[in-house]
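Take a look at the structure set out below.
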Amino acid sequence: MTSVESSLVADLLDGKHRALARVITKIENRESGYRDIVSLLYEHTGNADVVGITGSPGAGKSTLVDKMARVYRDRGLTVGVVAVDPSSPFTGGAVLGDRIRMASNVGDMDVFFRSMSARGNLGGLSTATADAVKALDAFGKDKVIIETVGAGQNEIDIVRAADTVAVLVPPSSGDNVQMLKAGILEIGDVFVVNKADLAGADKTVQELEEMIHMGGGKMRVAGGHHGFSDVEVDLGEGRAWDPVVVETVATQAEGVDEFLAALEDHQDYLDDSGERERKARQRVAEEIRTLLRDDAAGIVGDEVERRGGIDDLVDAVLEGETDPYSIADEVTGPLRDCVDARD
Ligand SMILES: Nc1nc2c(ncn2[C@@H]2O[C@H](COP(=O)(O)OP(=O)(O)O)[C@@H](O)[C@H]2O)c(=O)[nH]1
Ligand SMILES: [Mg+2]
C-alpha cells in the first residue's frame with residue numbers, strides 16, 4: 001500500500017468529504033489500491049443504519065430520499081446517499097439528474113449524495129455499492145440510503161447491502177401490483193405507496209396488504225417454498241417481521257414521518273429478533289465468497305493468457321486434440337498442487 005492510500009483513509013476517517021468522494025470514485029472505477037482502502041476501512045464499519053430504497057423509474061424515490069434526508073438532518077443525524085442505476089452503463093440520463101441534485105443540496109455536506117453507474121460491469125456493481133456504503137459508514141454517517149432503479153437480480157443484489165429495504169409502488173391499476181410478485185415482494189420490508197395524492201392509492205395499499213398476507217411475508221420468513229401459514233413463524237429468538245405498507249406524497253413530504261417510523265420499527269425488529277446478526281453473517285459470508293471467486297477467476301485467467309489465450313485452447317478442442325475438461329484440469333492442476341503441498 002502506498003502512502004497515498006493510507007493518507008486518503010486517514011483523511012476520510014478524519015471527516016474530510018473530499019477524501020470520501022475520492023475513495024468512492026476509486027471503488028467505483030476499481031482503481032489500483034481500492035482494495036487496500038476498503039480493507040483499512042472495514043474495522044470502522046458497522047455503525048450506520050443502512051436503508052435501501054427501490055422501485056420503478058419515476059416512482060418518486062429521489063424525491064422521497066431528499067425528504068428523508070431533510071428529516072434526518074433536522075434530527076441532527078448525518079446522511080449518506082448512494083444512488084445506483086444499473087440500467088445506465090455510462091453516466092447520463094437519470095444519473096446526471098442525481099449529480100445535479102447532489103450539487104443543489106445547498107452545501108449541506110452532512111447530506112452526502114453520490115451516484116454510481118454500471119460502467120459496463122453489472123456483476124461488480126453490487127460489490128462496488130456495498131463498498132461505497134462501507135466508506136460512508138466508516139466516515140461516520142448515521143444513516144446511509146441506497147437508492148436504486150432497475151428490476152430483477154441486479155436490484156436485489158444491490159439492496160442486499162441494506163438492513164432494511166423499502167419498495168416504492170405508484171398507485172395504479174392492479175397490473176402493477178401483480179407484477180411485483182417477481183422477486184420484489186420478498187425483498188420489501190416496508191412498502192411505500194408514494195404519489196398517494198393520485199387516484200387509486202388506497203386500492204393499491206389494499207392490494208399490497210392482501211398480497212403480503214396471502215403469504216409473501218410469511219413465506220419469506222418460513223424460508224420454504226410451501227407450507228406457509230397465517231401463524232407467526234418463530235425464528236427462535238423473536239417474532240417474524242410482517243412487511244408494512246405506508247402511504248406518502250413525497251413532493252409534499254406527507255407521510256414521511258410515518259415511513260421513517262416504519263423503518264425504525266424494522267430496525268428494532270432486527271435487533272430484537274437476532275436477525276441483524278444473522279443478516280450480517282450472511283453478508284460477510286457472501287462477501288468472502290464473491291472475493292474468492294473473483295480472485296480465483298483472475299488467477300486462472302492469467303494462467304490461460306500464459307497458455308496463449310482462450311482462442312488457442314478453443315482451437316485445440318475443435319481440432320480434436322483435447323477437451324474442455326482436460327484443459328480445466330491442466331490449468332488448475334498447478335494451483336491444486338500448490339494448495340495440497342501446504343498441508
Ligand atoms: N403527484 C406526485 N408526484 C410525485 C410524488 N413524488 C414524486 N413525484 C414526481 O414524480 C416524478 C419522478 O420523481 P423522482 O423522485 O425523480 O422518481 P425516481 O425516478 O423514482 O427517483 C417527479 O416529477 C416528481 O416530482 C408524489 O408524491 N406525488
Ligand atoms: Mg431517482
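The values are calculated or read from the model by the stated rules, or taken from the named source; none is laboratory data. This structure is a prediction, so every number in the text was calculated from the model and none was measured. Positions of Cβ are backbone-derived with ideal geometry, glycine not excepted, and every protein chain shown enters the neighbour counts. Accessible surface areas use protein heavy atoms only, side chains included; no ligands, DNA or RNA. Shrake-Rupley method; radii C 1.70, N 1.55, O 1.52, S 1.80 Å.
Considering only residues in the stretch 37-63 that are open to solvent by 40 Å² or more (accessible area, probe 1.4 Å) and within 9 Å of ligand 2 (Cβ to nearest atom), the one that is farthest from LEU185 (Cα to Cα) turns out to be THR63. Counting only helices (runs of 4 or more DSSP H) that sit completely within the stretch 137-243, those holding 1 or more residues that are at pLDDT 85 or above and within 20 Å of ALA261 (Cβ to Cβ) correspond to 201-211.
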